[in-house]
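The values are calculated or read from the model by the stated rules, or taken from the named source; none is laboratory data. Keep in mind that this is a model prediction, so the values were computed, not measured. Every residue, glycine among them, receives a Cβ derived from its backbone with ideal geometry; neighbour counts consider all protein chains shown.
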Amino acid sequence: MRWVVTGANGMLGQDLVRRLASEHCEVVALGRADLDVTDEEAARAAVAGADVVVNCAAYTAVDAAESDEAAAFAVNGTGAAVLARAATGARLVQVSTDYVFDGAATSPYAEPATIAPRSAYGRTKAAGEWAARAEHPDALVVRTAWLYGAGGACFPKTIARVAAERGGLDVVDDQVGQPTWTADLADLIVRLVDAGAPAGTYHGTSSGKVSWHGFAQAVVASAGLDPAIIAPTTSEAFVRPAPRPAYSVLGHDALRAVGVEAIGPWDERWAAAAGEVLAG
């Protein structure tokens, strides 16, 4: 099979390309310098002959998007539409985010739950979901959250470094979610495609839930530091331009319905990932 991966230089893109290469697939890895996803002609040429197209390309500067939503929309909305039109004849996977929800729930968001993004980033990713479905009826939309990996800057690397430098730090304990290893998400995407999963929306996150504070404590413990150096604080103490969802826990019923196993508990997956991620 011939896979085309956009956003191939990002954390997820790197792990997906590595996962596919291990299966001896033909992989075309396209970074930002290789493909402008808003260019219709370039996109058609890039995906010609592909069996599967996975769109990992995204504008992910959540706070910057608040003051430049047009730039975020160009990649997350227009880019998704362009790729969906270009990928005729291929299986399309559009990667999305928990930010399409309002973060006000108290139980895991089901795949069909009403979306209500509160940030510019969330609105542009919601537009990308809509475009993928509208332009490519066979698309798989895979929402994820709280990603970390060896191939780029991420929460665990920052926490481990800053905690070591300062001897401790404050981390919010009123935002809850599912830390997800990009290697696990890459594996899930491949398993979904291999299973011939029907078109629809799926949630690609670890199981269980934890606050940022709890995750930070797990990170510093893996780095050989005392978890007690991580003190709890509130979101009000760290006001940022874009609102963060207070509750980013996603349900996995759609995966179970098609016989695809969800990613395991976040703490078990972090234990498996920690050495590689912190070394990176």
For region 86-96, how many residues are more than 18 Å from the chain's Cα centre (by Cα) and either under 16 Å from residue 32 (Cα atoms) or not in a helix (DSSP H, G or I) (or both)? 5
Of everything in region 248-280, what is basic (Lys, Arg) and surrounded by 13 or more Cβ atoms within 10 Å (Cβ to Cβ)? Give them in sequence order. 269
Name the single residue that is modelled with the lowest pLDDT among those in region 13-65 being closer than 20 Å to residue 149 by Cβ and of a type in the set (Ser, Thr, Tyr). 22
Among the listed residues 128, 152, which satisfies the condition of being in contact with a helix residue (DSSP H, G or I) (Cβ under 7 Å, 6 or more places away or on another chain) and assigned to a loop (DSSP other than H, G, I, E, B)? 152
Filter result (in contact with a Lys or Arg (Cβ under 9 Å, 6 or more places away or on another chain) and either within 20 Å of residue 134 (Cβ to Cβ) or not in a loop (DSSP other than H, G, I, E, B) (or both)) within region 39-49: 40, 43, 44
Of the numbered conditions (1) more than 21 Å from residue 34 (Cβ to Cβ); (2) touching a residue at least 60 places away in the same chain (Cβ under 8 Å); (3) in a helix (DSSP H, G or I), residue 83 satisfies every one except a single condition; which is it? (1)
Can you give me the number of residues within region 125-139 that are under 14 Å from the mean Cα position of the chain (by Cα) and either within 22 Å of residue 191 (Cβ to Cβ) or not basic (Lys, Arg) (or both)? 3
Every listed condition ((1) crowded, with 16+ Cβ neighbours inside 10 Å; (2) of a type outside the set (Phe, Trp, Tyr); (3) out of contact with any Leu (no Cβ under 7 Å at 6 or more places or on another chain); (4) touching a residue at least 60 places away in the same chain (Cβ under 8 Å)) holds for residue 192 save (3)
Helices (runs of 4 or more DSSP H) enclosed by region 207-280 - at least 1 residues per element that are closer than 25 Å to residue 122 by Cβ, in contact with a strand residue (DSSP E or B) (Cβ under 8 Å, 6 or more places away or on another chain) and among the aromatic types (Phe, Trp, Tyr): 212-222, 266-279
For residue 159, the lone unmet condition from (1) in contact with a strand residue (DSSP E or B) (Cβ under 8 Å, 6 or more places away or on another chain); (2) of a type outside the set (D, E, K, R); (3) closer than 24 Å to residue 109 by Cβ; (4) assigned to a helix (DSSP H, G or I) is (3)
Picked from region 222-247 (must be touching a residue at least 12 places away in the same chain (Cβ under 8 Å) and of a type in the set (Val, Ile, Thr)), the residue surrounded by the fewest Cβ atoms within 10 Å (Cβ to Cβ) is 234
Quick check on residue 119: is it closer than 22 Å to residue 39 by Cα, among the polar types (S, T, N, Q) and either touching a helix residue (DSSP H, G or I) at 6+ places or on another chain (Cβ under 6 Å) or touching a residue at least 40 places away in the same chain (Cβ under 8 Å) (or both)? no
